[in-house]
Amino acid sequence: MTELPFDAVLVANRGEIAVRVLTAAREAGLRGVAVFSDADAKALHVELADEAIHLPGQTLAETYLNTDAIIAAAQSSGAQAIHPGYGFLSERADFASAVKQAGLIWIGPPPEAISTMGDKISARLKMMESGVPVIPGEELSVPDGADHLGQLAACAARVGYPLLLKASAGGGGKGMRAVSEPKMLRTEYEAASREASAAFGDGTIYVERLLVGARHIEVQVLADSHGNCIHLNERDCSLQRRHQKVIEEAPSPVVNAELREAMGAAAVMAAKAVDYEGAGTVEFLLSDRGDFFFLEMNTRLQVEHPVTEMITGVDLVLKQFEVAAGMTLGLTQSDIGITGHSMEARIYAEDPSKGFLPAIGDLAMWRAPAGPGIRVDTGVREGDSVTVDFDPMLAKLVVHAPTRTAAARRLYNALSDLRALGVITNIGFLRQMTIHPDFVSGSITTDYLDSTDISEFAEPEHDPSTLVAIAAAASRFGLDRVGVAGGDGTLVDEHTGHAGDPFRTLSRSFP
Amino acid sequence: MEWSIAESTRYSVKLSDSEGTLNLAGLTADGQEKTHGEISIARDAQANRLLVEIDGSAHIAHVAKVGDDWWIHLDGRIHMVTGHEPGSSSDSSGEGGLTAPMPGTILEVHVKEGQRVREGQTLLVMEAMKMEHRIQAPKAGEVVALNFSEGERVDMGATLVELGD
């Protein structure tokens with residue numbers, strides 16, 4: 001690789017994405033600088049970094065969202081570049097500008113691209129101007145105290161039912177509500193507006209036609225500062241629960257070469273319309289009739305970026321570093337192919353039997369699966385506590401196999417080998433999902449999970465006598481007095497038998 | 001020691017020791033003798049891993065103890081078995097008390113003290129981790145006490161509503 005004009009990068013994030021970016025930095029020969037709050041003092045990303053800088057304070061605003069403190073941390077540590085990961089400050093144009101004004105390199109798109117795409121209205125206008133197809137919809141901004149009901153009803157009638165109310169400022173499913181008929185409009189609007197205010201400080205709501213039976217297809221793009229822009233195929237993220245993705249895959253089981261080319265071209269057009277640079281994702285809804293509509297552009301790395309890396313062999317974080325350094329992509333559209341099929345399951349600390357309520361506790365055992373075509377991106381390790389402080393995503397379990405069927409089976413087996421004890425997780429639900437006929441046949445649409453009885457994915461029970469006998473035997477053997485990590489507290493790698501390998505959970509195996 | 005799995009049934013087991021291997025020699029559920037398969041359990045070289053033979057077929061179980069719970073990973077599935085001192089009261093969730101599943105804020109209160117509610121009825125809506133959660137009645141009954149009002153912050157495990165019969 002050509003020399004980069006910076007030798008140290010600060011990662012303004014935590015958890016698995018901080019680990020992912022710090023690992024990529026190390027692989028690129030860069031020094032990795034982490035930041036951390038009190039709650040993360042012993043976190044994996046801190047342990048992995050060459051240098052870690054403490055952000056004092058209790059709230060997110062004082063720590064991971066504290067732009068001044070993060071820029072100061074970069075300057076004091078000698079990091080010349082800042083990578084924002086996803087979430088937190090990644091889509092804050094003001095932060096991107098502040099980083100640049102401080103004379104640092106921003107590993108992300110231009111601030112103008114972030115603000116144009118970050119606002120659903122301006123993004124939509126820009127897309128309409130550029131000829132990218134959009135969904136019927138309009139914004140509803142109701143000043144405090146005004147009569148919102150009349151305006152709301154009129155707006156809803158113009159857009160048409162069923163419709164979706166979403167926070168204009170938002171993302172991640174917060175402040176988002178589906179309305180199937182007029183009589184539910186008021187209640188859902190009030191809930192959406194309240195969630196939007198709480199999460200983003202702005203209760204403005206966007207009203208949009210809800211495409212029923214549609215699929216969520218997103219296209220990964222990469223652009224450099226020399227005008228080159230390519231797409232890296234699609235990801236299918238149709239399996240969602242309340243607009244939170246559950247399992248993502250690439251390529252999509254329903255996108256053929258012709259549609260891929262059309263959607264890829266639209267995504268490149270969208271990126272070029274805002275002079276995009278770096279890695280970005282253009283999200284589309286694909287209707288059951290095969291029409292696709294622009295949903296939004298995420299001007300950052302996505303959680304599910306690994307599935308694209310698996311099928312294209314392109315390391316997206318490394319490309320982000322290179323583009324930020326002013327290098328050309330070094331890839332043309334014809335260099336991008338598809339090898340096999342990849343799936344990613346998001347492992348959450350949550351209880352599917354209780355409405356997916358976030359769960360907390362101590363990871364008394366955390367042993368991730370390994371093997372050909374299995375990649376685990378995680379920010380936790382055995383012994384860590386799962387608290388209410390942050391997002392309950394523990395890991396992303398990613399598999400790669402020659403075919404979709406083989407990938408689904410590999411995912412099932414890998415999920416079965418993931419031994420996460422001490423905290424309730426969605427692993428069982430994900431296992432059942434991967435063998436469910438609707439998933440296996442590739443016929444999942446975005447409304448699937450919200451309209452399916454979750455108990456369908458409950459796992460068959462073991463015979464109680466076996467479980468009770470194991471618990472009694474474990475007590476009799478005195479295993480409750482032995483630390484999980486072995487008597488002397490050292491971690492033993494289950495596969496190699498070597499003790500004390502802190503990087504084991506990071507092992508990424510590319511077939 | 002008595003054991004329970006998710007529901008309130010209390011199990012007790014008899015294990016016989018044959019050269020370090022434990023065999024299931026008796027099982028009762030709520031005091032009733034139950035038939036059971038042939039189960040033998042031996043320790044593995046690796047701590048917290050057990051070799052389990054169920055009716056002649058070999059399995060590996062990974063176990064970890066957290067509080068009173070044994071977490072068991074067996075055949076790809078994760079289970080929790082809770083240990084109880086013999087004779088302790090059966091329902092650990094208290095007498096019809098509904099507790100906050102997470103720390104958060106009460107957004108809406110849908111019931112009044114003295115009101116009768118049906119099973120599954122939404123009693124409260126709370127906000128936790130930026131999402132709204134509905135607290136629903138696990139059974140039909142009367143609201144005996146309502147401990148919080150809208151806007152109040154609650155800690156995890158706080159009793160929100162007490163339901164009587």
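Every read-out reported here was derived from the displayed coordinates using simple, explicitly stated rules and does not represent laboratory data. None of the values given here were measured: they were computed from a predicted structure. Reconstructed Cβ throughout: ideal geometry from the backbone, glycine too, with neighbour counts over all protein chains shown.
Below are the figures for this structure:
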{"item": "Cα-centre dipole for chain A with unit charges at Cβ (Lys and Arg positive, Asp and Glu negative), debye to 20", "result": "480 debye"}
{"item": "Partner chain coverage, peptide B:76-86 - average Cβ within 10 angstrom", "result": "6"}
{"item": "Taking B:V66, A:V380 and counting other C-beta atoms within 10 Å, the order from fewest to most", "result": "B:V66, A:V380"}
{"item": "Cα-projected label distance for B:V125 with A:A154, points at 7 Å along beta-carbon direction, nm", "result": "2.7 nm"}
{"item": "Surrounding net charge for A:F356, when Lys and Arg each add one and Asp and Glu each subtract one, Cβ distance under 9 Å", "result": "+1"}
{"item": "Long-range HN-HN contacts of A:V134 with modeled amide H, under 5 Å", "result": "A:F294"}
{"item": "Dipole-positive endmost among B:Q121, B:A6, A:G160 within the protein assembly as shown (Cβ charges, Cα centre)", "result": "A:G160"}
{"item": "The stretch A:211-339, dipole about Cα centre (Lys/Arg Cβ +1, Asp/Glu Cβ -1), debye to the nearest 20", "result": "320 debye"}
{"item": "Calculated over the stretch A:8-107: convex hull of Cα atoms, volume per residue (Å³)", "result": "79 Å³"}
{"item": "Around A:F88: net Lys/Arg minus Asp/Glu count, Cβ-Cβ under 12 Å", "result": "+1"}
{"item": "Using θ = phi - 60° and Karplus 6.51 cos²θ - 1.76 cosθ + 1.60, couplings along the stretch A:322-329 (whole Hz; Gly, Pro as x)", "result": "5, 5, 4, 7, x, 7, 7, 4"}
{"item": "Per-residue HN-Hα couplings for the stretch A:117-126 [Karplus 6.51, -1.76, 1.60; θ = phi - 60°; Hz; x = Gly/Pro]", "result": "7, x, 9, 4, 6, 5, 4, 5, 4, 4"}
{"item": "Highest average packing first - B:118-127, A:178-187, Cβ atoms within 10 Å", "result": "B:118-127, A:178-187"}
{"item": "For chain B, convex hull volume per residue from C-alpha positions, Å³", "result": "156 Å³"}
{"item": "Helix-only [θ]222 nm of chain A, DSSP H runs n ≥ 4, -39500 (n - 2.57) each, per residue, nearest 500", "result": "-9500 deg cm²/dmol"}
{"item": "Rounded, prolate or oblate (a/c below 1.5 giving rounded, otherwise prolate when a/b exceeds b/c) for the stretch B:2-84 by Cα gyration tensor", "result": "oblate"}
{"item": "Amide H contacts under 5 Å for A:I247, placed H, 5+ residues apart", "result": "A:L239"}
{"item": "Dimensionless Rg ratio for chain A, taking C-alpha atoms and the 2.2 N^0.38 Å reference", "result": "0.98"}
{"item": "Residues A:C155, A:C237, sorted so that the one with the fewest Cβ neighbours within 10 Å comes first", "result": "A:C155, A:C237"}
{"item": "Around A:T59: net Lys/Arg minus Asp/Glu count, Cβ-Cβ under 13 Å", "result": "-3"}
{"item": "Approximate shape of the stretch A:211-339 as ellipsoid semi-axes (Cα gyration tensor, √5λ), whole Å, largest first", "result": "24, 15, 14"}
{"item": "Charge dipole (debye, nearest 20) of chain B; +1 at Cβ of Lys and Arg, -1 at Cβ of Asp and Glu", "result": "300 debye"}
{"item": "Taking A:E190, A:E283 and counting other C-beta atoms within 10 Å, the order from fewest to most", "result": "A:E190, A:E283"}
